[in-house]
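This report concerns only the one structure given below.
The values are calculated or read from the model by the stated rules, or taken from the named source; none is laboratory data. The shown structure was predicted, so the numbers you read here are calculated from the model rather than taken from an experiment. A quick note on method: Cβ atoms are made from the backbone with ideal geometry, for glycine too, and the neighbour counts reach across all protein chains shown. Keep in mind that these areas ignore ligands, DNA and RNA; they rest on the heavy atoms of the full protein, side chains included. Shrake-Rupley method; radii C 1.70, N 1.55, O 1.52, S 1.80 Å.
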Amino acid sequence: MQVIFDHSEAETGNITSFYFKPDQPVRYTAGQFIELTLPHPRPDERGIKHWFTLSSAPSQPYLRITTRLAGEQGSSFKRNLAKLKPGKAVMMSDPMGDFVLPKLIQTPLVFVAGGIGITPYLSMLQWLADTGEQRPVKLLWGINSEADIAFQDLFDKVSQHVTVIVRNPASAWGGEQGQLSPELILGLEKPGEDALIYMSGPEPMIEGLSNDLHKAGVPRRQIVTDFFPGYETI
Ligand SMILES: Cc1cc2nc3c(=O)[nH]c(=O)nc-3n(C[C@H](O)[C@H](O)[C@H](O)COP(=O)(O)OP(=O)(O)OC[C@H]3O[C@@H](n4cnc5c(N)ncnc54)[C@H](O)[C@@H]3O)c2cc1C
């Protein structure tokens, strides 16, 4: 489908959201992703097509993606994305993917995000806020530094407590620090057999964490993963 770029908003120093208007309302499920095509001169080996989770909710009029921009170190795709002019038409695939909320609303959920892997949960939490649906959710977010903290408005709106784990904090940081680990995810109380642990973020990180969780005794059927290629581990 063709969508029109509307505007972008900086979320932090290097995380930016891009808003697109579709011709007609698009049906999708919170947590799904799209493929965005951005033709540009002399694309590098990362190409003119990229996958992005829709960080907007289906209840909202625009389609939003949220991504980390590496400035001049970034791919040719990202450098051109950052230069999009409002009104520009681009091609977006239909939304797809099954990293979505489970059917049973009573299912206890542990959402684990590594860095920009927060995007599917932004969509899901916004959807819960817009529909008034209540679900038992615990959210853990591993980031590199305090400068990566964002989206507090949404977390406040849905009264969602977020445990932020900072890899390289400044000395004044009073919260959790280090790397996301099975110990942090499982916490003092191991999630019950009916719980699901969702994990989203850089591919090597999520692969390692899901294997470690499995080794720590969590059955594979309780682990739901969304891998973002192209990024380093947090
Ligand atoms: C289902 C799915 C959902 C996804 N959802 C999201 C999402 O919501 N948000 C999101 O940001 N990403 C998402 N991704 C990942 C996304 O598709 C990109 O792979 C990712 O953003 C990295 O983009 P990039 O390759 O343009 O690199 P950049 O983001 O520009 O750079 C990332 C790192 O790679 C280095 N790098 C960049 N270009 C090159 C190059 N040519 N050669 C070597 N190193 C290079 C940079 O220096 C930087 O360290 C998703 C992927 C999938 C499969």
Consider Gly187 carefully, then state whether it is at positive phi and surrounded by 18 or more Cβ atoms within 10 Å (Cβ to Cβ). no
Within segment 206-215, identify whether any single residue is within 16 Å of the ligand (Cβ to nearest atom), polar (S, T, N, Q) and touching a residue at least 60 places away in the same chain (Cβ under 8 Å), and answer yes or no. no
Tell me, yes or no, whether segment 68-83 has at least one residue that is closer than 17 Å to Ile4 by Cα, open to solvent by less than 30 Å² (accessible area, probe 1.4 Å), assigned to a loop (DSSP other than H, G, I, E, B) and within 15 Å of the ligand (Cβ to nearest atom). no
Could you name every one of the helices (runs of 4 or more DSSP H) located completely within segment 115-209 that has at least 2 residues being within 24 Å of Arg221 (Cβ to Cβ)? 119-131, 182-186
Might you check whether a residue that is in a helix (DSSP H, G or I) and under 24 Å from Pro204 (Cβ atoms) occurs anywhere in segment 102-113? no
Residues (open to solvent by 30 Å² or more (accessible area, probe 1.4 Å) and more than 6 Å from the ligand (Cβ to nearest atom)) located in segment 33-63: Glu35, Pro39, Pro41, Arg42, Pro43, Ile48, Lys49, Pro58, Ser59, Gln60, Pro61, Tyr62
Within segment 123-141, which residues are open to solvent by 60 Å² or more (accessible area, probe 1.4 Å) and under 16 Å from the mean Cα position of the chain (by Cα)? Trp127, Lys138
Listed residues Thr107, Thr119; which is closer than 24 Å to Leu209 by Cα, within 14 Å of the ligand (Cβ to nearest atom), polar (S, T, N, Q) and touching a residue at least 40 places away in the same chain (Cβ under 8 Å)? Thr119
Please enumerate the residues belonging to segment 8-45 that are more than 14 Å from Ser93 (Cβ to Cβ) and among the aromatic types (Phe, Trp, Tyr). Phe18, Tyr19
If you scan segment 204-226, which residues turn out to be open to solvent by 50 Å² or more (accessible area, probe 1.4 Å) and within 10 Å of Gly114 (Cβ to Cβ)? Pro204
Could you list, in sequence order, all residues of segment 190-203 that are of a type in the set (Gly, Ala, Ser) and open to solvent by 80 Å² or more (accessible area, probe 1.4 Å)? none
Tell me which residues, restricted to segment 136-176, are in contact (Cβ under 8 Å) with a residue 40 or more places away in the chain and over 26 Å from Ile105 (Cβ atoms). Gly142, Ile143, Asn144, Ala147, Asp148, Ile149, Ala150, Arg167
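Quick grid of which residues meet (1) aliphatic (A, V, I, L, M); (2) out of contact with any strand residue (DSSP E or B) (no Cβ under 9 Å at 6 or more places or on another chain):
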{"residue": "Met92", "(1), (2)": "yes, no"}
{"residue": "Pro108", "(1), (2)": "no, no"}
{"residue": "Gly115", "(1), (2)": "no, no"}
{"residue": "Thr131", "(1), (2)": "no, yes"}
{"residue": "Ala150", "(1), (2)": "yes, no"}
{"residue": "Val162", "(1), (2)": "yes, no"}
{"residue": "Arg167", "(1), (2)": "no, no"}
Given the criterion in a loop (DSSP other than H, G, I, E, B), aromatic (Phe, Trp, Tyr) and within 11 Å of the ligand (Cβ to nearest atom), identify the matching residue among Phe18, Phe99. Phe99
